[in-house]
Amino acid sequence: MSDEADPDDAVAKTPVSGKSPLAIAAGRLRRDKVAMACLTIVLFFVLIAIFAGQIASLFNVTTQPGNPSQQLDFINDGMPLKGPPHNGFDPEHPFGIAPKTAKDNLASWLYGARTSMLIATSATIVASLLGIVLGLVSGFVGGAVDKVISFITDLFLTLPFLLMALVIAPILNERFALTPDRYQTMQVVSLIGILAAFGWMGIARLVRGEVLSLREREFILSARVIGMPTSRIMIKELLPNLVAPIVVAVSLMLPAFIAAEAGLAFLGVGITQGESWGQTILLASAYFELYPLYLWEPLLGIVVLVLALNLLGDAIRDAVDPKTRR
């Protein structure tokens, strides 16, 4: 008898563990350095949004207007007496202060990040839920229900988002203009509603297309034969098979909503009460030549966050579908 181990026996004894498609995609994602860097940036902004108040307290800054008579030089275009643009770094106000109001830019930036993340995340959740439900029902039930939902989807796709937002947002906001304690909250709620109302169609079409290809599969037909309720088939059988495309769609929807929120605030129909990156860009655009840092701070925040989310969304799409890997 030979003492040497049989290599076939060693292979046979090696445990084999199965992996789900999502686990395989997660493994690919972890090996993608660009995706991990983008995920780190996104988590950084998420932490800033969550702990904006604590970070502002740490730097001893607030969103309240400062003392313009003591902090601004009204002889030279109302620029700050300390810090940028005409002076060096001011440790009391690391991002400088705003002209006219002497408001701290760091506090505005921190709370602006919170506003953008809150609105974009909430709108993404609402739009995703609406699109998933309508897509599931439309694709699985079919018939007249499918025709009605498809018509509504096509109708919303024909409506120009920017024009409708410019019309609807002021109407919603004017209803609460005489109640200042609720006005700021209603601005956020109405903006979330507008973004969600005109953002669900893409994911609804995606889910409907996937359901149309899945509803004739053997496991769905078997569930129908044994008398499984329609709602249970959609939730227990179809929905788990739609996780990958839904994750991709959501990851690409979030940066679009962040950019849309900032754009609407810049146009004056988004967040006008409270802090917003778009509102800061609107105020800073008048001082671009004299005080460029005032404009670049919120602008770079939007660019970095949206770019990181877009690259992360592309990486998730590539990880989920290896055929699209570059």
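Annotation: of all residues in region 68-102 being touching a Pro at 6+ places or on another chain (Cβ under 7 Å) and among the hydrophobic types (A, V, I, L, M, F, W, C), the one that is nearest to ALA56 (Cα to Cα) is ILE97.
Evaluated against (1) assigned to a loop (DSSP other than H, G, I, E, B); (2) of a type outside the set (Val, Ile, Thr); (3) open to solvent by 70 Å² or more (accessible area, probe 1.4 Å), LEU155 falls short on exactly one condition, (1).
Quick one: in region 86-110, of everything that is part of a loop (DSSP other than H, G, I, E, B) and in contact with an Asp or Glu (Cβ under 6 Å, 6 or more places away or on another chain), which residue is nearest to LEU293 (Cα to Cα)? Per the stated criteria, the residue is PHE95. Quick check: anything in region 49-62 closer than 30 Å to ALA244 by Cα and modelled with pLDDT of 75 or more? Checking region 49-62: at least one residue is closer than 30 Å to ALA244 by Cα and modelled with pLDDT of 75 or more. Of all the numbered requirements in (1) in a helix (DSSP H, G or I); (2) open to solvent by 30 Å² or more (accessible area, probe 1.4 Å), ALA315 misses one, and that requirement is (2). Going through (1) modelled with pLDDT under 80; (2) part of a helix (DSSP H, G or I) one by one, LEU39 falls short only on (1). What pairs come out if I take residues in region 246-270 that are over 30 Å from LEU136 (Cβ atoms) and in contact (Cβ under 8 Å) with a residue 40 or more places away in the chain and pair them with residues that are open to solvent by less than 40 Å² (accessible area, probe 1.4 Å) and charged (D, E, K, R) whose C-beta lies under 9 Å away, six or more apart or interchain? Correct list of pairs: GLY270/GLU261. I'm told SER285 meets every condition in (1) under 29 Å from ALA308 (Cβ atoms); (2) open to solvent by 30 Å² or more (accessible area, probe 1.4 Å); (3) touching a residue at least 60 places away in the same chain (Cβ under 8 Å); (4) polar (S, T, N, Q) except one. Can you identify the failing condition by its number? Exception for SER285: condition (3).
Selection within region 131-145: residues that are more than 21 Å from PHE219 (Cβ to Cβ) and touching a residue at least 24 places away in the same chain (Cβ under 8 Å). The member of this set that is least open to solvent (accessible area, probe 1.4 Å) is GLY131.
Considering every residue within region 201-214, establish whether at least one is closer than 23 Å to PHE151 by Cα, of a type outside the set (A, V, I, L, M, F, W, C), modelled with pLDDT of 80 or more and open to solvent by 80 Å² or more (accessible area, probe 1.4 Å).
Yes: region 201-214 contains one or more residues that are closer than 23 Å to PHE151 by Cα, of a type outside the set (A, V, I, L, M, F, W, C), modelled with pLDDT of 80 or more and open to solvent by 80 Å² or more (accessible area, probe 1.4 Å).
Here ILE258 meets the list (1) assigned to a loop (DSSP other than H, G, I, E, B); (2) open to solvent by less than 20 Å² (accessible area, probe 1.4 Å) almost entirely, failing just condition (1).
The values are calculated or read from the model by the stated rules, or taken from the named source; none is laboratory data. Predicted, not measured: the structure shown is a model, and the values here were computed from it. Positions of Cβ are backbone-derived with ideal geometry, glycine not excepted, and every protein chain shown enters the neighbour counts. Surface areas here come from the heavy atoms of the whole protein model, side chains and all, with no ligands, DNA or RNA. Shrake-Rupley method; radii C 1.70, N 1.55, O 1.52, S 1.80 Å.
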